[in-house]
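The values are calculated or read from the model by the stated rules, or taken from the named source; none is laboratory data. These figures come from a predicted structure and were not determined experimentally. Using ideal geometry, Cβ is built from the backbone for each residue, glycine included, and neighbour counts are taken over all protein chains shown. Surface accessibility is based on the protein's heavy atoms, side chains included, excluding ligands, DNA and RNA. Shrake-Rupley method; radii C 1.70, N 1.55, O 1.52, S 1.80 Å.
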Amino acid sequence: MDFLGVDHVEFYVGDARQAAFVLCSAFGFRLYGQGGPETGLPGQRSLLLGQGDCRVLLTSGLQPDHPAVDYVARHGDGVAVIAFGTPDAAAAYQGAVAGGATAIEAPQTFERDGASVVTATVSGFGDVVHRLVQREGSDQEFLPGAIEMLELPPPTGPELLLTIDHAAVCVPDGQLETTVDYYRKAFGFHLIFEEYIEVGKQGMFSQVVQSQGGGVTLTLIQPDLSRSPGQIDDFLAWHDGPGVQHLALSSHDIIAAVDALGERGVGFASTPDSYYTALDQRLGPVDLPVDRLRPRGILVDRDHWGQMYQIFAKSLHVRRTFFWELIERHGARTFGTSNIPALYEAKERELATVRQTVQAALPVQAALPAQAAHSTEAAR
(Lines give C-alpha, C1' and ligand atoms only; values in the text may rest on other atoms or scores of the structure.)
Protein backbone atom coordinates (compact mmCIF):
# COMPACT_ATOMS: atom_id res chain seq x y z
CA MET A 1 0.00 0.00 0.00
CA ASP A 2 1.36 3.40 -0.94
CA PHE A 3 0.09 6.94 -0.68
CA LEU A 4 0.82 9.90 -2.92
CA GLY A 5 0.92 12.42 -0.09
CA VAL A 6 -1.40 14.46 2.11
CA ASP A 7 -4.32 15.27 -0.20
CA HIS A 8 -5.84 17.72 2.29
CA VAL A 9 -6.55 18.26 5.96
CA GLU A 10 -9.97 19.06 7.37
CA PHE A 11 -10.43 21.16 10.48
CA TYR A 12 -13.61 21.05 12.51
CA VAL A 13 -14.16 24.61 13.72
CA GLY A 14 -16.81 26.59 15.54
CA ASP A 15 -17.03 29.22 12.79
CA ALA A 16 -15.69 28.28 9.34
CA ARG A 17 -15.92 31.83 8.02
CA GLN A 18 -13.96 33.25 10.91
CA ALA A 19 -11.28 30.55 10.66
CA ALA A 20 -11.03 31.15 6.90
CA PHE A 21 -10.57 34.88 7.46
CA VAL A 22 -7.59 34.23 9.75
CA LEU A 23 -5.89 31.77 7.40
CA CYS A 24 -6.46 33.97 4.37
CA SER A 25 -5.55 37.32 5.89
CA ALA A 26 -2.63 36.09 8.02
CA PHE A 27 -1.22 33.03 6.21
CA GLY A 28 -1.98 33.92 2.61
CA PHE A 29 -4.46 31.16 1.79
CA ARG A 30 -7.21 31.84 -0.77
CA LEU A 31 -10.82 30.69 -0.81
CA TYR A 32 -11.09 28.00 -3.49
CA GLY A 33 -14.59 26.64 -2.93
CA GLN A 34 -17.52 26.17 -0.58
CA GLY A 35 -20.21 23.65 0.22
CA GLY A 36 -23.18 23.07 2.48
CA PRO A 37 -26.77 21.82 2.47
CA GLU A 38 -27.36 23.34 -0.96
CA THR A 39 -24.54 21.23 -2.46
CA GLY A 40 -25.45 17.94 -0.81
CA LEU A 41 -23.52 18.36 2.45
CA PRO A 42 -26.36 18.34 4.99
CA GLY A 43 -25.90 19.85 8.42
CA GLN A 44 -22.59 21.57 7.70
CA ARG A 45 -20.85 24.55 6.14
CA SER A 46 -17.44 23.86 4.53
CA LEU A 47 -14.93 26.28 3.01
CA LEU A 48 -11.99 25.05 0.93
CA LEU A 49 -8.77 27.05 1.14
CA GLY A 50 -5.64 26.61 -0.92
CA GLN A 51 -2.07 27.80 -1.33
CA GLY A 52 0.52 26.05 -3.45
CA ASP A 53 -0.42 22.37 -3.24
CA CYS A 54 -1.87 22.74 0.29
CA ARG A 55 -5.60 22.20 0.61
CA VAL A 56 -7.37 22.97 3.90
CA LEU A 57 -11.06 22.25 4.39
CA LEU A 58 -12.80 24.11 7.23
CA THR A 59 -16.08 22.58 8.41
CA SER A 60 -18.60 23.85 10.94
CA GLY A 61 -21.62 21.84 12.05
CA LEU A 62 -25.01 23.50 11.52
CA GLN A 63 -26.99 20.90 13.45
CA PRO A 64 -26.41 19.44 16.93
CA ASP A 65 -25.93 15.90 15.63
CA HIS A 66 -23.15 16.80 13.16
CA PRO A 67 -19.80 15.28 14.24
CA ALA A 68 -18.08 18.67 13.99
CA VAL A 69 -20.26 19.97 16.84
CA ASP A 70 -19.20 17.21 19.23
CA TYR A 71 -15.58 17.52 18.13
CA VAL A 72 -15.38 21.27 18.77
CA ALA A 73 -17.19 20.93 22.11
CA ARG A 74 -14.63 18.39 23.29
CA HIS A 75 -11.39 19.53 21.62
CA GLY A 76 -11.93 23.07 20.39
CA ASP A 77 -11.02 23.90 16.79
CA GLY A 78 -8.61 21.31 15.43
CA VAL A 79 -7.61 18.80 12.78
CA ALA A 80 -10.30 16.13 12.41
CA VAL A 81 -9.27 14.55 9.08
CA ILE A 82 -5.89 13.91 7.48
CA ALA A 83 -6.60 12.78 3.92
CA PHE A 84 -4.19 10.53 2.04
CA GLY A 85 -3.99 10.64 -1.75
CA THR A 86 -3.95 7.16 -3.30
CA PRO A 87 -4.15 5.60 -6.79
CA ASP A 88 -6.94 3.25 -5.61
CA ALA A 89 -9.15 4.39 -2.72
CA ALA A 90 -11.22 1.20 -2.61
CA ALA A 91 -8.14 -1.04 -2.42
CA ALA A 92 -6.56 1.21 0.23
CA TYR A 93 -9.78 1.11 2.23
CA GLN A 94 -9.96 -2.70 2.08
CA GLY A 95 -6.28 -3.03 2.98
CA ALA A 96 -6.57 -0.65 5.94
CA VAL A 97 -9.64 -2.42 7.33
CA ALA A 98 -7.94 -5.80 6.89
CA GLY A 99 -4.97 -4.38 8.81
CA GLY A 100 -7.09 -3.38 11.79
CA ALA A 101 -8.56 0.03 10.90
CA THR A 102 -12.18 0.72 11.72
CA ALA A 103 -14.39 1.39 8.68
CA ILE A 104 -15.98 4.86 8.93
CA GLU A 105 -17.31 5.50 5.40
CA ALA A 106 -17.31 3.00 2.54
CA PRO A 107 -15.98 4.13 -0.86
CA GLN A 108 -18.18 6.67 -2.63
CA THR A 109 -17.73 8.49 -5.92
CA PHE A 110 -18.17 12.18 -6.70
CA GLU A 111 -18.40 12.96 -10.42
CA ARG A 112 -19.01 15.97 -12.64
CA ASP A 113 -17.83 17.19 -16.07
CA GLY A 114 -15.21 14.51 -16.53
CA ALA A 115 -13.80 14.80 -13.00
CA SER A 116 -14.10 11.79 -10.69
CA VAL A 117 -13.09 11.59 -7.03
CA VAL A 118 -13.45 8.42 -4.95
CA THR A 119 -13.25 8.76 -1.17
CA ALA A 120 -13.38 6.32 1.74
CA THR A 121 -12.73 6.93 5.43
CA VAL A 122 -11.12 4.82 8.15
CA SER A 123 -10.03 5.40 11.74
CA GLY A 124 -6.77 7.08 12.70
CA PHE A 125 -5.82 8.13 16.24
CA GLY A 126 -8.13 9.57 18.87
CA ASP A 127 -10.96 11.41 17.10
CA VAL A 128 -8.87 12.00 13.96
CA VAL A 129 -9.75 9.89 10.91
CA HIS A 130 -8.12 9.32 7.53
CA ARG A 131 -9.93 10.00 4.27
CA LEU A 132 -8.51 8.01 1.35
CA VAL A 133 -8.79 10.05 -1.86
CA GLN A 134 -8.44 8.89 -5.47
CA ARG A 135 -8.58 11.62 -8.14
CA GLU A 136 -9.18 11.19 -11.87
CA GLY A 137 -9.69 13.75 -14.63
CA SER A 138 -9.76 17.49 -14.00
CA ASP A 139 -7.56 18.81 -11.22
CA GLN A 140 -9.82 21.87 -10.95
CA GLU A 141 -12.35 19.96 -8.82
CA PHE A 142 -12.06 19.02 -5.15
CA LEU A 143 -15.27 17.07 -4.46
CA PRO A 144 -17.30 17.35 -7.68
CA GLY A 145 -20.89 18.28 -6.92
CA ALA A 146 -20.29 18.68 -3.18
CA ILE A 147 -17.83 21.58 -3.11
CA GLU A 148 -18.59 24.36 -5.57
CA MET A 149 -15.33 25.73 -6.89
CA LEU A 150 -14.82 29.47 -7.38
CA GLU A 151 -13.30 31.09 -10.43
CA LEU A 152 -10.15 32.80 -9.19
CA PRO A 153 -7.56 34.91 -11.00
CA PRO A 154 -3.97 33.66 -10.85
CA PRO A 155 -2.02 34.68 -7.73
CA THR A 156 -0.55 38.16 -8.02
CA GLY A 157 2.74 37.01 -6.49
CA PRO A 158 4.59 33.84 -5.57
CA GLU A 159 2.82 31.52 -3.16
CA LEU A 160 5.12 31.14 -0.17
CA LEU A 161 3.62 27.96 1.33
CA LEU A 162 3.74 24.87 -0.85
CA THR A 163 2.83 21.51 0.72
CA ILE A 164 2.04 19.84 4.04
CA ASP A 165 5.43 18.46 5.04
CA HIS A 166 4.35 16.48 8.10
CA ALA A 167 1.93 16.35 11.02
CA ALA A 168 3.01 16.20 14.67
CA VAL A 169 0.71 14.14 16.88
CA CYS A 170 0.55 14.00 20.68
CA VAL A 171 -0.60 10.73 22.26
CA PRO A 172 -1.07 9.86 25.96
CA ASP A 173 1.37 7.76 27.97
CA GLY A 174 1.30 4.13 26.89
CA GLN A 175 -0.12 4.75 23.39
CA LEU A 176 3.02 5.49 21.37
CA GLU A 177 4.02 1.91 20.57
CA THR A 178 0.46 0.80 19.85
CA THR A 179 -0.11 3.79 17.55
CA VAL A 180 3.08 3.09 15.60
CA ASP A 181 2.11 -0.58 15.31
CA TYR A 182 -1.34 0.45 14.06
CA TYR A 183 0.10 2.54 11.22
CA ARG A 184 2.43 -0.26 10.24
CA LYS A 185 -0.35 -2.82 10.01
CA ALA A 186 -3.24 -0.71 8.70
CA PHE A 187 -1.37 1.53 6.24
CA GLY A 188 1.99 -0.11 5.62
CA PHE A 189 3.93 2.79 7.16
CA HIS A 190 7.55 2.34 8.24
CA LEU A 191 9.19 3.55 11.45
CA ILE A 192 11.95 5.81 10.10
CA PHE A 193 13.20 7.61 13.21
CA GLU A 194 12.91 7.51 17.00
CA GLU A 195 14.47 9.41 19.88
CA TYR A 196 14.11 10.47 23.49
CA ILE A 197 14.03 14.23 23.99
CA GLU A 198 14.95 16.06 27.20
CA VAL A 199 14.04 19.69 27.79
CA GLY A 200 15.03 20.78 31.28
CA LYS A 201 13.13 18.58 33.71
CA GLN A 202 10.74 17.37 31.00
CA GLY A 203 11.08 14.32 28.80
CA MET A 204 9.22 12.89 25.82
CA PHE A 205 9.42 9.93 23.47
CA SER A 206 9.16 10.50 19.71
CA GLN A 207 8.76 8.07 16.83
CA VAL A 208 8.28 9.03 13.17
CA VAL A 209 6.26 6.89 10.78
CA GLN A 210 6.15 7.38 7.03
CA SER A 211 4.33 5.88 4.05
CA GLN A 212 6.38 3.67 1.76
CA GLY A 213 6.94 6.35 -0.88
CA GLY A 214 7.61 9.05 1.72
CA GLY A 215 4.53 11.08 0.80
CA VAL A 216 2.93 11.02 4.27
CA THR A 217 4.86 11.56 7.50
CA LEU A 218 3.55 11.56 11.08
CA THR A 219 5.72 12.50 14.05
CA LEU A 220 4.24 10.83 17.15
CA ILE A 221 5.09 12.24 20.59
CA GLN A 222 4.34 10.75 24.02
CA PRO A 223 5.17 12.44 27.36
CA ASP A 224 7.46 10.80 29.90
CA LEU A 225 5.35 10.78 33.06
CA SER A 226 8.39 10.03 35.23
CA ARG A 227 9.60 13.57 34.52
CA SER A 228 8.04 16.95 35.24
CA PRO A 229 4.85 17.72 33.28
CA GLY A 230 5.19 20.07 30.34
CA GLN A 231 3.51 21.26 27.17
CA ILE A 232 2.75 17.77 25.81
CA ASP A 233 0.82 17.12 29.03
CA ASP A 234 -0.84 20.54 28.60
CA PHE A 235 -1.85 19.72 25.04
CA LEU A 236 -3.37 16.37 26.03
CA ALA A 237 -5.27 18.03 28.89
CA TRP A 238 -6.50 21.09 26.98
CA HIS A 239 -7.26 19.13 23.81
CA ASP A 240 -8.83 16.36 25.92
CA GLY A 241 -6.94 13.46 24.39
CA PRO A 242 -4.66 12.68 21.46
CA GLY A 243 -4.60 15.03 18.49
CA VAL A 244 -2.57 17.00 15.96
CA GLN A 245 -0.31 19.43 17.77
CA HIS A 246 1.01 21.10 14.63
CA LEU A 247 1.19 20.89 10.85
CA ALA A 248 4.39 21.81 9.01
CA LEU A 249 4.02 23.78 5.78
CA SER A 250 6.96 23.65 3.37
CA SER A 251 8.32 26.80 1.75
CA HIS A 252 10.88 27.56 -0.92
CA ASP A 253 11.79 30.83 0.85
CA ILE A 254 11.24 30.67 4.60
CA ILE A 255 12.74 34.12 5.19
CA ALA A 256 10.27 35.76 2.81
CA ALA A 257 7.44 33.68 4.30
CA VAL A 258 8.27 34.73 7.88
CA ASP A 259 8.48 38.38 6.85
CA ALA A 260 5.17 38.26 4.95
CA LEU A 261 3.29 36.43 7.70
CA GLY A 262 4.81 38.62 10.38
CA GLU A 263 3.60 41.74 8.58
CA ARG A 264 0.09 40.21 8.59
CA GLY A 265 0.15 39.73 12.36
CA VAL A 266 1.42 36.15 12.79
CA GLY A 267 3.62 35.76 15.85
CA PHE A 268 6.50 33.29 16.00
CA ALA A 269 8.31 31.53 18.83
CA SER A 270 11.36 33.49 19.94
CA THR A 271 14.89 32.07 19.85
CA PRO A 272 17.63 33.27 22.24
CA ASP A 273 20.69 34.95 20.71
CA SER A 274 22.94 32.27 22.23
CA TYR A 275 21.44 29.75 19.78
CA TYR A 276 23.06 31.59 16.87
CA THR A 277 26.31 32.28 18.70
CA ALA A 278 26.92 28.53 18.94
CA LEU A 279 25.52 27.70 15.49
CA ASP A 280 28.78 27.67 13.53
CA GLN A 281 30.47 25.47 16.12
CA ARG A 282 27.53 23.06 16.16
CA LEU A 283 26.75 22.82 12.43
CA GLY A 284 29.51 24.54 10.49
CA PRO A 285 28.63 26.76 7.51
CA VAL A 286 24.94 26.96 6.59
CA ASP A 287 23.30 27.90 3.29
CA LEU A 288 21.27 30.89 4.50
CA PRO A 289 22.99 33.92 6.10
CA VAL A 290 22.91 33.70 9.89
CA ASP A 291 22.40 37.47 10.11
CA ARG A 292 19.06 36.94 8.31
CA LEU A 293 18.04 33.94 10.43
CA ARG A 294 18.85 35.54 13.79
CA PRO A 295 16.41 38.50 13.82
CA ARG A 296 13.58 36.26 12.62
CA GLY A 297 14.23 33.40 15.05
CA ILE A 298 14.55 30.78 12.27
CA LEU A 299 16.16 27.52 13.42
CA VAL A 300 18.56 25.43 11.32
CA ASP A 301 19.70 21.82 11.48
CA ARG A 302 21.66 19.35 9.36
CA ASP A 303 21.44 15.61 8.69
CA HIS A 304 23.19 13.17 6.34
CA TRP A 305 21.25 14.49 3.33
CA GLY A 306 21.39 18.26 3.81
CA GLN A 307 20.06 21.18 5.82
CA MET A 308 16.63 22.27 7.00
CA TYR A 309 15.26 25.55 8.32
CA GLN A 310 12.17 25.82 10.51
CA ILE A 311 10.17 28.15 12.71
CA PHE A 312 7.03 27.71 14.78
CA ALA A 313 4.12 30.12 14.82
CA LYS A 314 2.41 30.97 18.08
CA SER A 315 -0.91 29.26 18.59
CA LEU A 316 -3.96 31.22 17.49
CA HIS A 317 -6.36 28.90 19.29
CA VAL A 318 -8.05 29.82 22.55
CA ARG A 319 -6.94 26.53 24.14
CA ARG A 320 -3.32 27.12 23.06
CA THR A 321 -3.27 23.71 21.40
CA PHE A 322 -2.76 23.63 17.62
CA PHE A 323 -0.08 25.71 15.88
CA TRP A 324 1.67 25.87 12.47
CA GLU A 325 5.29 25.26 11.53
CA LEU A 326 7.14 26.62 8.49
CA ILE A 327 9.93 24.50 7.04
CA GLU A 328 12.40 24.85 4.17
CA ARG A 329 14.42 21.78 3.22
CA HIS A 330 17.79 21.83 1.47
CA GLY A 331 17.97 18.06 1.02
CA ALA A 332 17.41 17.19 4.70
CA ARG A 333 14.95 14.39 5.38
CA THR A 334 14.70 14.49 9.18
CA PHE A 335 12.92 16.90 11.52
CA GLY A 336 15.38 19.17 13.28
CA THR A 337 16.34 16.88 16.15
CA SER A 338 18.71 19.39 17.74
CA ASN A 339 16.09 22.12 17.32
CA ILE A 340 13.41 20.32 19.31
CA PRO A 341 14.74 21.55 22.68
CA ALA A 342 14.76 25.11 21.28
CA LEU A 343 11.17 24.66 20.10
CA TYR A 344 9.90 23.33 23.38
CA GLU A 345 11.79 25.89 25.43
CA ALA A 346 10.20 28.62 23.28
CA LYS A 347 6.74 27.08 23.66
CA GLU A 348 7.29 26.79 27.41
CA ARG A 349 8.08 30.51 27.57
CA GLU A 350 4.90 31.23 25.59
CA LEU A 351 2.77 29.02 27.83
CA ALA A 352 4.39 30.42 30.99
CA THR A 353 3.25 33.88 29.90
CA VAL A 354 -0.29 32.54 29.39
CA ARG A 355 -0.28 30.91 32.84
CA GLN A 356 0.93 34.13 34.48
CA THR A 357 -1.80 36.10 32.71
CA VAL A 358 -4.45 33.64 33.87
CA GLN A 359 -3.18 33.66 37.45
CA ALA A 360 -3.06 37.47 37.51
CA ALA A 361 -6.68 37.58 36.33
CA LEU A 362 -7.98 35.20 39.02
CA PRO A 363 -8.33 37.82 41.80
CA VAL A 364 -10.22 40.06 39.38
CA GLN A 365 -12.51 37.21 38.38
CA ALA A 366 -13.12 36.34 42.03
CA ALA A 367 -14.19 39.91 42.70
CA LEU A 368 -16.60 40.10 39.81
CA PRO A 369 -19.64 38.54 41.54
CA ALA A 370 -19.38 41.01 44.44
CA GLN A 371 -18.97 43.92 42.06
CA ALA A 372 -21.91 42.72 40.02
CA ALA A 373 -24.05 42.41 43.14
CA HIS A 374 -23.06 45.91 44.27
CA SER A 375 -23.97 47.30 40.83
CA THR A 376 -27.34 45.58 40.99
CA GLU A 377 -28.11 47.11 44.39
CA ALA A 378 -27.05 50.53 43.11
CA ALA A 379 -29.33 50.16 40.12
CA ARG A 380 -32.23 49.43 42.46
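With the chain treated as a Gaussian network of Cα nodes joined by springs under 10 Å, which of Arg292, Arg55, Arg333 yields the largest mean-square fluctuation?
Of Arg292, Arg55, Arg333, the most mobile in the Gaussian network model is Arg292.
State the three equivalent ellipsoid semi-axes of the chain, derived from the C-alpha gyration tensor as the square roots of 5 times its eigenvalues, in descending order and whole Å.
32, 29, 23
Give me the mean projected area, in nm² to one decimal, of the convex hull enclosing the Cα positions of segment 206-313.
On the way: hull surface 37.3 nm².
Result: a mean projected hull area of 9.3 nm².
So who's got an amide H within less than 5 Å of the one on Phe268, skipping anything under 5 residues away but keeping other chains? H placed 1.01 Å off N, in plane.
Amide H to amide H, under 5 Å and 5 or more residues apart or across chains, Phe268 pairs with Lys314.
Could you tell me which of rounded, prolate or oblate describes segment 96-177, using a ≥ b ≥ c as the square roots of the eigenvalues of the alpha-carbon gyration tensor, with rounded for a/c under 1.5 and, failing that, prolate when a/b is larger than b/c and oblate otherwise?
Values: a/c = 3.29, a/b = 1.42, b/c = 2.32.
Because a/c hits 1.5 or more and a/b fails to exceed b/c, segment 96-177 counts as oblate.
Once amide H atoms are built 1.01 Å from N in the peptide plane, which residues 5 or more positions from Val216, or in another chain, come under 5 Å H to H?
Ser211
Roughly how big is the chain's charge dipole about its Cα centre, with Cβ charges of +1 (Lys, Arg) and -1 (Asp, Glu), in debye to the nearest 20? Could the numbers behind the result be given before it?
Numbers: 27 positive and 46 negative charges, 164 e Å.
Rounded to the nearest 20 debye, it is 780 debye.
Just the number, please: carbon plus sulfur as a percent of the accessible area of the chain, 1.4 Å probe, no ligands or DNA/RNA counted.
On the way: 9030 of 17100 Å².
Heavy-atom surface of the chain belonging to carbon and sulfur, 1.4 Å probe: 53 percent.
Go ahead and estimate [θ] at 222 nm for the chain from helices alone: -39,500 (n - 2.57) per DSSP H run with n ≥ 4, summed, over the residue count, rounded to 500.
-9500 deg cm²/dmol, from helical runs alone.
Grab the alpha carbons of segment 253-320, take their convex hull, and tell me the volume per residue in Å³.
On the way: hull volume 7.3 nm³, N = 68.
Normalising the Cα hull of segment 253-320 by residue number yields 108 Å³.
Based on the Kirkwood radius over alpha-carbon pairs, what value in µm²/s does the Stokes-Einstein equation return for the translational diffusion coefficient of segment 230-280 at 20 °C and 1.002 mPa s?
Numbers: Rh = 14.1 Å.
Once the numbers are plugged in, D ends up at 152 µm²/s.
If amide hydrogens are placed 1.01 Å from N in the peptide plane, which non-local residues have theirs closer than 5 Å to the one on Phe29?
Close amide H contacts, sequence-distant or interchain: Cys24.
Express in % the proportion of alpha carbon pairs of segment 170-255 at distances exceeding 20 Å. Write down the numbers at each step before the final one.
Values: 1449 of 3655 pairs.
Across segment 170-255, Cα pairs with separations above 20 Å total 40 percent.
Per-residue HN-Hα couplings for segment 271-285, Karplus 6.51 cos²θ - 1.76 cosθ + 1.60 at θ = phi - 60°, whole Hz, x for Gly and Pro?
10, x, 4, 4, 4, 7, 4, 8, 5, 5, 5, 7, 10, x, x
Taking a ≥ b ≥ c as the square roots of the Cα gyration tensor eigenvalues, with a/c under 1.5 meaning rounded and otherwise prolate when a/b beats b/c, else oblate, which class fits segment 173-219?
Working: a/c = 3.76, a/b = 1.85, b/c = 2.03.
Oblate.
Using +1 at the C-beta of Lys and Arg and -1 at the C-beta of Asp and Glu, which of Val6, Gly52, Tyr93 has the Cα lying farthest in the positive direction of the dipole of segment 1-142?
Result: Gly52, furthest along the dipole toward the positive end.
Would you look at the GNM of the chain, springs on alpha carbons closer than 10 Å, and say which of Trp305, Trp238, Trp324 moves the most?
Comparing Trp305, Trp238, Trp324 in the GNM, the peak value goes to Trp305.
Kirkwood hydrodynamic radius for segment 38-166: how many Å is it when counted over pairs of different Cα atoms? Write out the running numbers ahead of the final one.
Working: mean 1/r = 0.0618 Å⁻¹.
The Cα-based Kirkwood calculation yields 16.2 Å.
Based on DSSP H assignment, which helices of the chain show an axial Cα extent of at least 24 Å together with a mean Kyte-Doolittle hydropathy greater than or equal to -1.0?
Values: long enough: 340-379 (56 Å, 0.02).
Qualifying helices: 340-379.
Just the accessible area for Ile197, please: 1.4 Å probe, Å², rounded to the nearest 10?
10 Å²
Tell me, Kirkwood radius of segment 151-204 from alpha-carbon pair distances, in Å?
Here the Kirkwood hydrodynamic radius works out to 15.3 Å.
Could you report the chain's accessible area per residue, 1.4 Å probe, as an integer in Å²? Let's see the in-between values first.
Working: 17100 Å² over 380 residues.
Here the residues of the chain average 45 Å² of exposed surface.
Which three lengths, in whole Å and largest first, does segment 31-111 cover when its Cα atoms are put on their principal axes?
Ordered largest first, segment 31-111 gives principal extents of 34, 31, 23 Å.
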